[in-house]
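Novice: Starting off with a structure, shown below.
Values quoted throughout were computed directly from the atomic coordinates according to the rules given, and no laboratory measurement underlies them. All values derive from a computational prediction rather than experimental measurement. Here the Cβ is made from the backbone with ideal geometry for all residues, glycine too, and neighbour counts use every protein chain on show.
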Amino acid sequence: MIAYVKGVVAYKDTKQIIVDVNGIGYAVDIPPKTGGELPLVGEPVTFYTHYYQNRENDITLYGFTSRDALKVFEMALTVKGVGPTLAQNIVAKLTPPQFQRAVHQGDTTTLMRVPRLGKENAQLIIMKLKKQIGKVKFENEVELSRAGAVDTQVVKILVNLGASELDAEQAVEKAQKVLGEAAQRENLVKQALSYIRN
């Protein structure tokens, strides 16, 4: 119904932002921790949105800063037992490539990093989405044939240096894309650290 909202930030907090679109304020619910990454009040912003109406006919507009994040949210909603709050937690905790790989590999451990997502829900997500996850086209393509190719030793080094496991995985994934498959571990550590510090 509403594919995206493009305007100026009028107000924001940790869970919701109001976007001024030509004098009309749209209240958009955002995933946890997204607020700190958004433009300041008065600056332009674009959200890709999902229009949601519950059984009590309450209407909520859920917004995401990328189409990939929106796809993950909408896929998660198709799984029984996953509501908007849990789907938002998935988007906040896992990048679209991490979610895609976890489902493709049947990796419940990665899915269970998401707050309030237990083993039963993780298994249901895998059962429901595993066949279709490889067909989903994300803007940032994932090579599922190489899923799990992130250098785990480099991840461990970064965790020992104080990074969270999730931040370390994301940083190493970026570093490997930049430096290539033949990169030396020492160079991967340096490159990945630059992403974490920024």
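Novice: Please work out the Kirkwood hydrodynamic radius for the chain, using every pair of different C-alpha atoms, and report it in angstroms with one decimal place.
Specialist: Values: mean 1/r = 0.0553 Å⁻¹.
Taking every pair of different Cα atoms in the chain, averaging 1/r and inverting gives 18.1 Å.
Novice: Fewest to most neighbouring Cβ within 10 Å: what's the order for ILE196, ILE59?
Specialist: Working: ILE196 17, ILE59 10.
The order, fewest Cβ neighbours first, is ILE59, ILE196.
Novice: At 20 °C and 1.002 mPa s, what whole-number value in µm²/s does Stokes-Einstein give for the translational diffusion of the stretch 67-133, with Rh from the Kirkwood sum over Cα pairs? Don't skip to the answer; put the middle values down first.
Specialist: Numbers: Rh = 11.2 Å.
Estimated via Stokes-Einstein, D reaches 191 µm²/s.
Novice: Angle, helix 96-105 long axis vs. longest principal axis of the chain, Cα atoms, 0 to 90°, nearest 10?
Specialist: On a 0 to 90 degree scale, this one is about 60.
Novice: Next question. What does the charge dipole of the stretch 67-133 about its Cα centre add up to, to the nearest 20 debye, if the Cβ of each Lys and Arg holds +1 and the Cβ of each Asp and Glu holds -1?
Specialist: Details: 11 positive and 4 negative charges, 13 e Å.
Approximately 60 debye in magnitude.
Novice: I'd like the antiparallel share, as a percent to the nearest 5, of DSSP beta bridges with both residues in the chain.
Specialist: Values: 21 of 22 bridges.
Among the beta bridges of the chain, antiparallel pairing accounts for roughly 95 percent.
Novice: Right, next: Using only Cα atoms, tell me the angle between helix 165-179 and the longest principal axis of the chain; keep it within 0 to 90° and round to the nearest 10.
Specialist: It works out to around 70 degrees.
Novice: Under a point-charge model restricted to the Cβ atoms of Lys and Arg (+1) and Asp and Glu (-1), what is the dipole moment magnitude of the chain relative to its Cα centre, in debye to the nearest 20?
Specialist: Details: 25 positive and 21 negative charges, 99 e Å.
For the chain, the charge dipole is close to 480 debye.
Novice: Kindly provide the GluC sites (Glu not before Pro) of the stretch 36-113 that DSSP labels as loop, not H, G, I, E or B, and whose Cβ sees at most 12 other Cβ atoms within 10 Å.
Specialist: Values: sites: GLU37, GLU56, GLU74; in loops: GLU56.
Filter output for the stretch 36-113: GLU56.
Novice: Any chance you could run the full-extension gain for LYS131 through LYS119? It's 0.36 nm times the residue separation minus the Cα-Cα distance, nm to one decimal.
Specialist: Values: separation 12, 0.36 × 12 = 4.32 nm, distance 1.93 nm.
Residue separation times 0.36 nm, minus the Cα-Cα distance, leaves 2.4 nm.
Novice: Taking the 0 to 90 degree range and rounding to the nearest ten, how far is the long axis of helix 84-93 tilted relative to the main principal axis of the chain, both from C-alpha atoms?
Specialist: Roughly 40 degrees, rounded to the nearest 10.
Novice: Run the paramagnetic zone check for GLU139: 7 angstrom along Cα to Cβ, then residues of the stretch 93-121 with backbone nitrogen under 20 Å.
Specialist: Within reach of a label on GLU139, which here means backbone N under 20 Å from a point 7 Å along Cα→Cβ, the stretch 93-121 contributes 93-101.
Novice: Could you derive backbone 3J(HN,Hα) for the stretch 53-66 from the dihedral phi with the Karplus parameters 6.51, -1.76 and 1.60 (θ = phi - 60°), listing whole Hz in sequence and x where the residue is Gly or Pro?
Specialist: Karplus values, whole Hz, x for Gly and Pro: 10, 8, 5, 8, 6, 6, 10, 10, 9, 9, x, 9, 7, 9.
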